[in-house]
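A quick write-up on the structure given underneath.
The values are calculated or read from the model by the stated rules, or taken from the named source; none is laboratory data. Model, not experiment: these values are computed from the prediction. Reconstructed Cβ throughout: ideal geometry from the backbone, glycine too, with neighbour counts over all protein chains shown. Only protein heavy atoms, including side chains, enter the accessible area calculation; ligands, DNA and RNA are left aside. Shrake-Rupley method; radii C 1.70, N 1.55, O 1.52, S 1.80 Å.
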Amino acid sequence: MFLKFSLRSVFYGAGGGNDIQWCFSQVKGAVDDDVAEADIISTVEFNHSGELLATGDKGGRVVIFQQEQENKIQSHSRGEYNVYSTFQSHEPEFDYLKSLEIEEKINKIRWLPQKNAAQFLLSTNDKTIKLWKISERDKRPEGYNLKEEDGRYRDPTTVTTLRVPVFRPMDLMVEASPRRIFANAHTYHINSISINSDYETYLSADDLRINLWHLEITDRSFNIVDIKPANMEELTEVITAAEFHPNSCNTFVYSSSKGTIRLCDMRASALCDRHSKLFEEPEDPSNRSFFSEIISSISDVKFSHSGRYMMTRDYLSVKIWDLNMENRPVETYQVHEYLRSKLCSLYENDCIFDKFECCWNGSDSVVMTGSYNNFFRMFDRNTKRDITLEASRENNKPRTVLKPRKVCASGKRKKDEISVDSLDFNKKILHTAWHPKENIIAVATTNNLYIFQDKVN
């Protein structure tokens, strides 16, 4: 059942019958201020039912959380997420031909729709994509004729009677096994993977090329986009993100560092170098500056569940595009406009190159993205209202209602406001995810995963 999403309460304050208030639910990860590089979360993704939540980190690990079944006695308490499986997805490698280290960091995780008892997901680092099978085992075979219980083989001459092996119950074990490894197809770093709606193929994109794979075939892929110029000195833009349309298996989009989005139709030609549509907003000359090109680079692109719209995230804003209108977005939301005056210092500390992701709620009525100081933003598309919330351990009592935060850009600061000069740019929320069917969100701070949900009255 899809809930009717509304964010009225967080905009209008408490009270009201069906209003939503966002509450703290859980936080995962160590409390230490001294964060190990390997523990930094690099991707967050719910599966299609929302029962499983996967995170990847810079250490190449994938941690999967499972939502507990709802407590039937306490109807108010929704199932918490607890660790279901942890496995090492990627290891550090070395490219001897190019003398380059290949990081183990997980760049993206994408779940496949569930077809049987097992779950499947794709995970990728900079160069190699892996298909993982996550399955449960609660029985083990016993009573082999040629094997002892400890695994040693028997001498066949000592076997005098034949037994029929049987399955015995055992403690539940969750196993993660790599079923396919898709390697050696990308010269540059992979930034996106996206599973097609035919559930047989997927795309992988790096800075200059997009490849199309079949999930069953690992030794070849088809190059469907190649923007690499013959002379690399003529390079003017790179691919920053790519995604398949949720319903049309022939359609995909890719975004560029110049702020453009190209929609391609694979029916038109094998190599989609000629786009079907180009989405681009003319630049406002009054906002032109040295940083214009950097902040217009798109860091994420996501189709709405309906397939009618797509959302893009650049450094300062989130834009919603109607696929039927290319010349400008239908909605633009400023995420942290107060940083426009700080771009010089953000350039010096490299924060201007941070890649923020964005996500839709289950009914496409609200969008969410991260900001600095562990703030994250929500924009209600119906009421055009927005809110800033904070992921903080100070509000970590279950069912504590999150208070809206406000940033004071200039002038006199009010009591509840935070000065833009006191924002911590080392604390940033780059990765967020929204449960596909409920008001449950997952927000990754540096090495912690926060889970918030709406307050059930």
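Scan segment 331-352 and tell me whether some residue there is within 18 Å of the chain's Cα centre (by Cα), polar (S, T, N, Q) and under 23 Å from Ile261 (Cα atoms). Talk me through it step by step, then tell me what you get.
First, the residues of segment 331-352 that are within 18 Å of the chain's Cα centre (by Cα): none.
Looking through segment 331-352, none of the residues is within 18 Å of the chain's Cα centre (by Cα), polar (S, T, N, Q) and under 23 Å from Ile261 (Cα atoms).
So for segment 279-300 (the condition being at negative phi, among the aromatic types (Phe, Trp, Tyr), exposed (fewer than 15 other Cβ atoms within 10 Å of the Cβ) and not in a strand (DSSP E or B)), does at least one residue qualify? Give the steps one after another, and end with the answer.
First, the residues of segment 279-300 that are at negative phi: 279-300.
Next, only the ones that are among the aromatic types (Phe, Trp, Tyr) stay: 279, 290-291.
The next check asks that each one be exposed (fewer than 15 other Cβ atoms within 10 Å of the Cβ); those that pass are 290.
Cutting the leftovers down to not in a strand (DSSP E or B) gives us 290.
The answer is yes; a qualifying residue exists.
Residues in segment 335-347: is at least one part of a strand (DSSP E or B), touching a strand residue (DSSP E or B) at 6+ places or on another chain (Cβ under 8 Å) and not polar (S, T, N, Q)?
Taking segment 335-347 as the starting set, the residues that turn out to be part of a strand (DSSP E or B) are none.
No, there is no match, as no residue in segment 335-347 is part of a strand (DSSP E or B), touching a strand residue (DSSP E or B) at 6+ places or on another chain (Cβ under 8 Å) and not polar (S, T, N, Q).
Can you go through Ala183, Ala242, Ala230, Ala268 and tell me which one is among the small types (Gly, Ala, Ser) and surrounded by 21 or more Cβ atoms within 10 Å (Cβ to Cβ)?
Numbers: Ala183 fails: surrounded by 21 or more Cβ atoms within 10 Å (Cβ to Cβ); Ala230 fails: surrounded by 21 or more Cβ atoms within 10 Å (Cβ to Cβ); Ala268 fails: surrounded by 21 or more Cβ atoms within 10 Å (Cβ to Cβ).
Within the list Ala183, Ala242, Ala230, Ala268, the selection yields Ala242.
Is there any pair with a first residue in segment 181-192 that is under 11 Å from Arg209 (Cβ atoms) and free of Cβ contacts under 8 Å to residues at least 40 places away in the same chain and a second that is polar (S, T, N, Q) and outside any loop (DSSP other than H, G, I, E, B) whose Cβ atoms are under 6 Å apart and which are 6 or more apart or on different chains, and what are they?
Note: pairs meeting the criteria are Ala185/Asn211.
Just to verify a result, which residue in segment 1-34, among those that are assigned to a loop (DSSP other than H, G, I, E, B) and at pLDDT 85 or above, is farthest from Tyr450 (Cα to Cα)? Talk me through it step by step, then tell me what you get.
We begin by selecting, within segment 1-34, every residue assigned to a loop (DSSP other than H, G, I, E, B); these are 1-7, 13-21, 29-34.
Now drop any that are not at pLDDT 85 or above, which leaves 21, 29.
Working: Gln21: 16, Gly29: 9 Å.
Residue satisfying both the conditions and the ranking: Gln21.
Of all residues being among the hydroxyl-bearing types (Ser, Thr, Tyr) and outside any loop (DSSP other than H, G, I, E, B) in segment 186-220, which is surrounded by the fewest Cβ atoms within 10 Å (Cβ to Cβ)? Just the residue, please.
Within segment 186-220, the subset among the hydroxyl-bearing types (Ser, Thr, Tyr) is 187-188, 192, 194, 197, 199, 201-202, 204, 218.
The next check asks that each one be outside any loop (DSSP other than H, G, I, E, B); those that pass are 192, 194, 201-202, 204.
Working: Ser192: 22, Ser194: 25, Thr201: 20, Tyr202: 23, Ser204: 23.
So the residue we want is Thr201.
Pull out all pairs, ordered by first then second residue, where Cβ-Cβ is under 6 Å, the residues are six or more apart or on different chains, the first lies in segment 387-405 and is under 17 Å from Ser422 (Cα atoms), and the second is in a loop (DSSP other than H, G, I, E, B) and open to solvent by 50 Å² or more (accessible area, probe 1.4 Å).
Going by the 6 Å Cβ cut-off, the qualifying pairs are Thr388/Arg405; Glu390/Arg405.
Kindly evaluate Ile352 against the criterion of being in contact with a helix residue (DSSP H, G or I) (Cβ under 8 Å, 6 or more places away or on another chain), of a type in the set (A, V, I, L, M, F, W, C) and not in a strand (DSSP E or B). Steps first, answer last, please.
Values: in contact with a helix residue (DSSP H, G or I) (Cβ under 8 Å, 6 or more places away or on another chain): yes; of a type in the set (A, V, I, L, M, F, W, C): yes; not in a strand (DSSP E or B): yes.
Yes, satisfied.
Is one or more of the residues making up segment 221-236 closer than 17 Å to Thr124 by Cα and assigned to a loop (DSSP other than H, G, I, E, B)?
Residues of segment 221-236 that are closer than 17 Å to Thr124 by Cα, as a first pass: 221.
So of that shortlist, the ones also assigned to a loop (DSSP other than H, G, I, E, B) come out as 221.
Scanning segment 221-236, I find at least one residue that is closer than 17 Å to Thr124 by Cα and assigned to a loop (DSSP other than H, G, I, E, B), so the answer is yes.
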